[in-house]
Amino acid sequence: MLKKLRVAVSILIFSLLTFYFLDFAEILPAEFHVLGHIQFIPALMSGSIAIIAGLVVCTLLFGRIYCSAICPLGFLISHVPCLMSQAKSSALAKLRWAIVAVCIISFFSGFTIVVGILDPFSAYGRIAVHIFKPVYLFINNISGISYKVEIVMFSVFSFVVAILTLIIIVVLMGRTYCNAICPVGTVLGFLGKYSLFKIRINERCASCGICAKKCKASCIDSKNKTIDYSRCVNCFNCINNCSKKAISFSMLRKNEVDKSRRKLLLTGLAVFAVPVGAQNLVPLQGRRSAISPPGAISAQRLLKTCTSCHLCVSKCPSKVLKPAFMEYGIGGIMQPVMHFENGFCSYDCTICANICPSNALTPLTKEQKHKLQVGKVVFIPELCVVHTDGTSCGACSEHCPTQAVKMVPYKDGLTEPSIDTDICVGCGGCEFICPVRPQRAIYVDGNKTHQIAKAFEVEKKEEKEITDFGF
């Protein structure tokens with residue numbers, strides 16, 4: 001019964017979360033982004049004390065149920081055959097705290113990419129976006145389930161990382177990743193040792209070893225009738241396969257005393273201290289300043305809090321969010337950055353800011369988005385077709401929602417763009433539509449810290465009263 005309940009919950013969460021990553025037709029309501037918010041690392045990065053407290057309490061009560069029921073990567077690992085032996089898994093478990101220490105040090109040093117790569121939710125998000133979603137779109141296009149959409153590769157680097165993650169973590173390592181590499185598994189495993197309810201072996205045990213063989217976490221020593229609770233993920237395979245009914249999931253015994261309360265407290269303080277006061281030391285690089293997404297507040301803040309789960313990349317309707325390579329520097333690899341080659345940021349769209357599970361992108365209303373300046377327009381007259389070809393254009397002005405780009409008289413009856421950076425919001429409409437290649441004559445330069453654009457006045461057209469037919 002316990003296993004069936006755990007499997008049902010895990011299938012529900014995994015299915016809904018996966019489909020939310022893949023759902024291009026917005027079949028699922030936007031509110032389903034809460035499934036990302038309840039993941040451990042995003043909740044920690046966003047400072048969601050209530051969610052973290054809830055996960056910690058659940059772990060102290062029932063053990064590592066998060067890893068087997070809530071974590072999408074944990075679910076995927078559970079259902080893919082693993083090529084690594086259990087003996088290897090047990091040996092590597094000694095590396096757990098060293099990897100946690102590396103994650104904390106790298107985070108405070110500004111290399112949040114380490115946390116992003118090892119975070120199970122973000123790792124699964126990249127697998128879903130860069131591997132599963134193209135397959136889903138291909139099936140949709142050939143089957144006619146919904147309207148046809150273009151299949152694009154957001155980033156070659158992120159695609160390679162996703163492939164390697166799927167092969168190395170899911171296929172080669174399996175539960176070894178959960179019990180030896182994953183920082184979330186290590187922290188929750190430590191807490192799980194002191195949980196109220198545990199899997200226990202009673203006097204009926206005949207040391208047959210079946211439970212140890214069925215245990216994917218290799219945490220059962222059938223000879224000594226002991227269980228390593230720091231690795232147990234409460235999959236309940238052992239209970240289902242014990243013919244002697246010698247294994248149960250029961251409450252703490254009276255003679256079991258927590259002898260490591262000080263260590264438990266220090267571990268908790270270390271975990272909660274990670275997102276507080278972290279400084280990113282990696283400078284921004286590139287021909288122009290990278291354009292961080294709406295709600296990021298600043299590029300540096302994004303680097304401190306983003307785990308590169310790519311949920312925003314997947315859900316962006318205009319496809320302007322791409323995984324960064326070196327736009328933010330080495331510390332910002334795979335974090336979302338705005339590019340306008342294939343689209344522009346819709347003036348009214350706030351999806352990315354409102355679904356971010358780690359609060360790297362803070363929620364925005366449409367009114368706030370209208371005033372938010374993520375970058376400023378830059379015009380290069382000598383590249384414009386009006387100057388080079390003597391051709392009328394004006395496409396950039398037509399696509400500007402704030403009138404930051406206007407057409408003014410040039411010569412010979414032609415007009416050229418005139419820009420007002422104060423009222424520009426950096427939506428990229430002008431850059432996207434500009435016909436000049438390879439370098440556009442007008443583009444957006446990102447603000448390292450987002451600003452508030454000045455209000456603009458909508459031009460009013462004079463309405464003439466028509467008293468006759470006009471001819």
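The values are calculated or read from the model by the stated rules, or taken from the named source; none is laboratory data. Worth saying up front: this structure is predicted, and the values here are computed from it rather than measured. Neighbour counts are summed over all protein chains in view; Cβ atoms, including those assigned to glycine, are modelled from backbone coordinates with ideal geometry. The accessibility values were calculated without ligands, DNA or RNA, using every heavy atom of the protein model including side chains. Shrake-Rupley method; radii C 1.70, N 1.55, O 1.52, S 1.80 Å.
Run the accessible area of the chain with a 1.4 Å probe and give the carbon-and-sulfur part as a rounded percent. If you can, show how the numbers build up before the last one.
Working: 14330 of 22780 Å².
It is 63 percent, rounded to a whole number.
Can you tell me the alpha carbon radius of gyration of the chain divided by the globular rule-of-thumb value 2.2 N^0.38 Å?
Values: Rg = 27.0 Å, N = 471, 2.2 N^0.38 = 22.8 Å.
Its radius of gyration relative to the 2.2 N^0.38 Å reference: 1.18.
By how many degrees, 0 to 90 and rounded to 10, does the Cα axis of helix 2-22 deviate from the longest principal axis of the chain?
Once rounded, one gets 10 degrees.
Output the pairs from 133/366; 133/198; 406/448 with a Cα-Cα distance over 31 Å in this structure; if there are none, say none.
Flagged as over cut-off: 133/198.
Taking the stretch 347-449 as the region of interest, what is the percent of Cα-Cα pairs per 10 angstrom bin, listed from the shortest bin to the one with the maximum distance?
15, 41, 27, 13, 4, 0
Give the accessible surface of the stretch 371-434 per residue, rounded to a whole number of Å², with probe radius 1.4 Å and ligands, DNA and RNA excluded.
On the way: 2850 Å² over 64 residues.
Ligands and nucleic acids excluded, the result is 45 Å² per residue.
Per residue, how much accessible area does the stretch 111-165 have with a 1.4 Å probe, in Å²?
Working: 2420 Å² over 55 residues.
With the other protein chains kept in place, the stretch 111-165 gives 44 Å² per residue.
Compute the projected area of the convex hull of the Cα atoms of the stretch 335-374, averaged over all viewing directions, and report it in nm² to one decimal place. Don't jump to the answer; show the numbers that get you there.
Values: hull surface 12.4 nm².
Spelled out: convex hull of the Cα atoms, projected over all directions, averaged, 3.1 nm².
Distance from the Cα centre of the stretch 6-75 to that of the stretch 337-396, in angstrom?
32
Summing -39500 (n - 2.57) over the DSSP H runs of n ≥ 4 in the chain and dividing by its residue number, what mean residue ellipticity at 222 nm do you reach, to the nearest 500 deg cm²/dmol? Walk me through the numbers on the way to the answer.
Working: 22 runs with 177 residues, N = 471.
The helix-only estimate for the chain comes to -10000 deg cm²/dmol at 222 nm.
How long are the three semi-axes of the equivalent ellipsoid of the stretch 169-250, in whole Å, if each is the root of 5 times an eigenvalue of the C-alpha gyration tensor, listed from largest down? Please list the in-between numbers first.
Values: eigenvalues 101, 44, 18 Å².
So the three semi-axes of the stretch 169-250 are 22, 15, 9 Å.
Any chance you could run the full-extension gain for residue 202 through residue 415? It's 0.36 nm times the residue separation minus the Cα-Cα distance, nm to one decimal.
Numbers: separation 213, 0.36 × 213 = 76.68 nm, distance 8.71 nm.
So the extension gain works out to 68.0 nm.
Compute the length gained on full extension between residue 149 and residue 436: take 0.36 nm times their separation in residues and subtract their Cα-Cα distance, giving the result in nm to one decimal. Could you put the intermediate results ahead of the total?
On the way: separation 287, 0.36 × 287 = 103.32 nm, distance 2.62 nm.
Stretched fully, the residue 149-residue 436 segment lengthens by 100.7 nm.
Averaged per residue, what accessible area in Å² does the stretch 296-349 show with a 1.4 Å probe, protein chains only? Walk me through the numbers before you get to the answer.
Details: 1510 Å² over 54 residues.
For the stretch 296-349, the per-residue accessible area is 28 Å².
How much FRET efficiency would the formula 1/(1 + (r/R0)^6) give for residue 248 and residue 398, where r is the Cβ-Cβ distance and R0 is 56 Å, rounded to 0.05? Display every interim value, and only then the final one.
On the way: r = 71 Å, r/R0 = 1.27.
That gives a FRET efficiency of 0.20.
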